[in-house]
Amino acid sequence: MSFTVAIDGPAAAGKGTISKQVAAHFGFAHLDTGLLYRATGRKTLDGTDAVEAALTLKAEDLEAEDLRGPEVAQAASRVAAVPEVRAALLDFQRAFAMRAGGAVLDGRDIGTVICPNAQVKMYVTASDDIRATRRHVELTEKGHQITYEEVLEDLRQRDARDSARATAPLKPADDAVVLDTSQMSIEEAVAEAIRQIEARLS
């Protein structure tokens, strides 16, 4: 039996952390679909064409060490706006979602495009200030030299580009549960996500 949980939302809202913990709780497989776009974007920084990068993506490309940096994040957002790139990565994501034993996918268009029939859809969000603070801490702890203001501007640029693109724009699915984590601890957010999934499983 397949059971799909689709978790969407902008960067640094907490969807990745929630998705991992939810998947671990239920024993579901987890896919951070943003890594597909980060790995594709990373290859374009070396001069590879975006569509070619997506078509030739390998599992080991998702394990490169520098996929979380701001330069790769911007490259990921740029390639994600290319319809042919999204098409190239679509089948991989849908096959993952239908695997037996349950799957959690997090990204920006899981509930709207990749898995419109997912049993559970969530849209995880938070205020710009909260998200920028979280991402700034994360990046500086990893040794990146970047200011809070630069992180905030980077997030806003990505939000604008992701929300405005013609193909699969960032937005909640009509039937998604919106989870605003601005004033929630990660434990509270994960507990609420688990509660939503348990309600559907029962």
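The values are calculated or read from the model by the stated rules, or taken from the named source; none is laboratory data. From a predicted model like this one, the values you see are computed outputs, not experimental measurements. Cβ atoms come from the backbone with ideal geometry, glycine included; neighbour counts cover every protein chain shown.
Return a yes/no flag: does the range 124-137 have any residue that is modelled with pLDDT under 95, of a type in the set (Gly, Ala, Ser) and in contact with a Lys or Arg (Cβ under 9 Å, 6 or more places away or on another chain).
no
Quick check on my filter: what residues within the range 145-202 are basic (Lys, Arg) and not in a helix (DSSP H, G or I)?
Arg165, Lys171
With the condition kept exactly as written, say whether any residue in the range 43-60 is within 15 Å of the chain's Cα centre (by Cα) and at pLDDT below 95.
no
From the list Ala103, Ala59, Ala95, pick out the single residue that is closer than 23 Å to Pro10 by Cα and of a type in the set (A, V, I, L, M, F, W, C).
So the residue among Ala103, Ala59, Ala95 that is closer than 23 Å to Pro10 by Cα and of a type in the set (A, V, I, L, M, F, W, C) is Ala103.
Quickly run through the range 88-138 and pick out the residues that are part of a helix (DSSP H, G or I), of a type in the set (Val, Ile, Thr) and buried (at least 23 other Cβ atoms within 10 Å of the Cβ).
Ile110, Ile114
Output the residues belonging to the range 1-28 that are of a type in the set (Gly, Ala, Ser) and crowded, with 20+ Cβ neighbours inside 10 Å.
Within the range 1-28, Ala6, Gly9, Ala11, Ala12, Ala13, Gly14, Ser19, Ala23 qualify.
Take the residues in the range 29-56 that are aliphatic (A, V, I, L, M) and in contact with a strand residue (DSSP E or B) (Cβ under 7 Å, 6 or more places away or on another chain), then tell me which one is surrounded by the most Cβ atoms within 10 Å (Cβ to Cβ).
Leu31
Which numbered condition trips up Gly47, out of (1) outside any strand (DSSP E or B); (2) closer than 27 Å to Gln21 by Cα; (3) not basic (Lys, Arg)?
Every listed condition holds for Gly47 apart from (2).
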